[in-house]
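Structure first, commentary second.
Bear in mind these aren't lab numbers, they're just calculated from the coordinates by the rules spelled out. Quick caveat: nothing in here was measured; it's all calculated off a predicted structure. Here the Cβ is made from the backbone with ideal geometry for all residues, glycine too, and neighbour counts use every protein chain on show.
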């Protein structure tokens with residue numbers, strides 16, 4: 001997970017901030033990376049997923065507590 005942390009923050013800044021600007025004020029931006037597609041709501045134990053929550057600060061993202 002430590003190797004992905006900077007990438008999650010970068011995705012938030014590059015994609016999350018501009019998208020949030022289009023839809024209006026948001027409290028959080030969630031970034032989720034999954035190693036394979038699978039149907040929503042279906043248990044897929046072989047999948048690896050990483051998720052992080054950020055708040056927008058200026059033109060970038062900061063980890064939420």
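Average projected area of the Cα convex hull of the chain, in nm²?
Convex hull of Cα atoms, orientation-averaged projection: 5.4 nm².
Got a sec? How would 4, 11 order by Cβ neighbour count within 10 Å, fewest to most?
If I rank by nearby Cβ atoms, fewest first, I get 4, 11.
For a footprinting-style exposure proxy, rank 56, 34 by other Cβ within 10 Å, fewest first.
Ordered from fewest to most neighbouring Cβ atoms within 10 Å, 56, 34 come out as 34, 56.
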